[in-house]
1. Could you run the Karplus curve 6.51 cos²θ - 1.76 cosθ + 1.60 with θ = phi - 60° over segment 21-32 and give me ³J(HN,Hα) per residue in whole Hz, x for Gly and Pro?
2. Calculate how steeply helix 60-74 sits against the longest principal axis of the alpha-carbon atoms of the chain, using the helix alpha-carbon long axis, and give the answer as 0 to 90 degrees to the nearest 10.
3. Taking the chain as a Gaussian network, where each spring joins two C-alpha atoms under 10 Å apart, which residue of ASP72, ASP44, ASP13 fluctuates the most?
4. To the nearest 0.05, what FRET efficiency results for GLU4 and GLU27 with a Förster distance of 22 Å applied to their C-beta separation?
5. Can you tell which of SER79, LEU24, PRO50 lies farthest toward the positive end of the dipole of the chain, using +1 and -1 charges on the Cβ of basic and acidic side chains (Lys, Arg; Asp, Glu)?
6. How long, wide and thick is the chain, going by the Cα atoms along their three principal axes, in whole angstroms, largest first?
7. Of all accessible surface on the chain at a 1.4 Å probe, what whole percent is carbon and sulfur?
8. Give me the dipole magnitude in Debye, nearest 20, for segment 1-85 about the Cα centre, with unit charges on the beta carbon: positive for Lys and Arg, negative for Asp and Glu.
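The values are calculated or read from the model by the stated rules, or taken from the named source; none is laboratory data. Quantities reported herein were computed from a predicted structural model and do not represent experimental measurements. Every residue, glycine as well, gets a Cβ built from its backbone with ideal geometry; the counts of neighbours run over all protein chains shown. Quick note on the areas: whole protein, heavy atoms, side chains included, nothing else; ligands and nucleic acids left out. Shrake-Rupley method; radii C 1.70, N 1.55, O 1.52, S 1.80 Å.
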Amino acid sequence: MTFEKIADNIKPDSKKRVLIPKGLAQEGVSYHIYRNSIGQIILDPQVSIPVSELWLFKNPEAFSSVMRGLLDVAQGKVSDVDLDNL
């Protein structure tokens, strides 16, 4: 794991907030904040999923099946399906 400096001399505003530079902040992302013993801070981007979708991540067989399907689509292995005949 390597780190890249992305900004210099960023200072907190009057409310002690530090702004994330444009291009780094993403819609729907929150952050865990970590500080080590010498005061360095790391922001670890996080996303959340709806509880109704949690079952998929807890079911390795179903998750593997979905991942295989996504890989098939990415490789162009798709065909037309008539949903009325399923």
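1. x, 3, x, 9, 6, 10, 4, x, 9, 10, 9, 8
2. The helix 60-74 is inclined about 90 degrees to the chain.
3. ASP13
4. FRET efficiency, GLU4 to GLU27: 0.50.
5. Projecting each Cα onto the dipole axis, the largest value belongs to LEU24.
6. 63, 27, 26
7. 56 percent
8. 820 debye
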